[in-house]
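Written below as structure tokens is the structure these notes are about.
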Amino acid sequence: MTSKESPENNPGLVTSPDAATNGFFVQQTNYRIKDPKATLDFYSRVLGMSLLKRLDFETQKFSLYMLGYTDIASAPTDPVDRAVWTFSQKATLELVHVWGTETDPDFAGYHNGNTEPLGFGHIGICVADLQAASARFETLGVQFQQKPVDGNPAFILDPDGYWVEVFDLAFVASVAAVAG
């Protein structure tokens with residue numbers, strides 16, 4: 001019996017990646033944000049991420065905030081070295097703030113991908129205990145798109161309306177037992 005991950009079950013799957021792709025990895029997911037104060041609070045205080053690097057682009061009038069779960073104690077202090085270090089980390093979140101959107105009364109925000117037309121869905125955060133994390137989110141006043149009921153993960157909303165799936169490994173095991 002072949003596995004679901006075998007090439008026979010996944011047309012188009014290449015099992016021997018081109019050697020030219022050695023060293024490639026997913027480095028970031030990018031969100032455009034309205035207000036860095038609210039969004040940085042959410043990702044640092046609520047989700048426990050650290051600010052790895054901030055880059056300000058004066059001419060283009062925008063800033064990048066690179067966040068992740070990396071221990072920043074090992075981050076270089078030199079700004080260029082820190083930028084290189086930051087972009088060598090896996091699975092970071094890049095928040096892009098176009099200056100002035102936070103005070104512009106006509107700025108309606110960005111499309112979160114979960115309304116028509118559908119597009120980008122969400123990021124996922126694995127936690128040690130889904131129920132404990134969800135109870136903490138409730139205490140902190142976090143808005144839920146979906147609470148973790150009936151064996152489902154939680155979906156919380158960040159200040160810009162982007163969905164964040166929150167799950168634990170017990171949830172993953174229960175899904176895998178059914179979906180293989």
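Each row is one residue, and each column tells you yes or no for (1) aliphatic (A, V, I, L, M); (2) outside any loop (DSSP other than H, G, I, E, B); (3) on the phi < 0 side of the Ramachandran plot.
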| residue | (1), (2), (3) |
| --- | --- |
| Gly23 | no, no, no |
| Leu52 | yes, yes, yes |
| Arg82 | no, yes, yes |
| Asp106 | no, no, yes |
| His111 | no, no, yes |
| Leu118 | yes, no, yes |
Test Thr92 against the criterion of being surrounded by 15 or more Cβ atoms within 10 Å (Cβ to Cβ), among the hydroxyl-bearing types (Ser, Thr, Tyr) and within 21 Å of Glu165 (Cβ to Cβ), and give yes or no.
yes
Only one of (1) open to solvent by less than 50 Å² (accessible area, probe 1.4 Å); (2) under 24 Å from Pro159 (Cα atoms); (3) among the small types (Gly, Ala, Ser) fails for Ser44. Which number is that?
(1)
Asp78 versus (1) surrounded by 13 or more Cβ atoms within 10 Å (Cβ to Cβ); (2) charged (D, E, K, R); (3) free of Cβ contacts under 8 Å to residues at least 12 places away in the same chain: which is the lone unmet condition?
(1)
Could you count how many residues in the stretch 119-159 are within 18 Å of the chain's Cα centre (by Cα) and not small (Gly, Ala, Ser)?
19
Qualifying residues in the stretch 1-21 (those that are in a helix (DSSP H, G or I) and under 23 Å from Phe87 (Cβ atoms)) - the one least open to solvent (accessible area, probe 1.4 Å):
Thr21
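The values are calculated or read from the model by the stated rules, or taken from the named source; none is laboratory data. All of these numbers come straight from a predicted model, not from anything done at the bench. Don't worry about glycine lacking a Cβ; one is built from the backbone with ideal geometry, like all the others, and counts go over all protein chains shown. Keep in mind that these areas ignore ligands, DNA and RNA; they rest on the heavy atoms of the full protein, side chains included. Shrake-Rupley method; radii C 1.70, N 1.55, O 1.52, S 1.80 Å.
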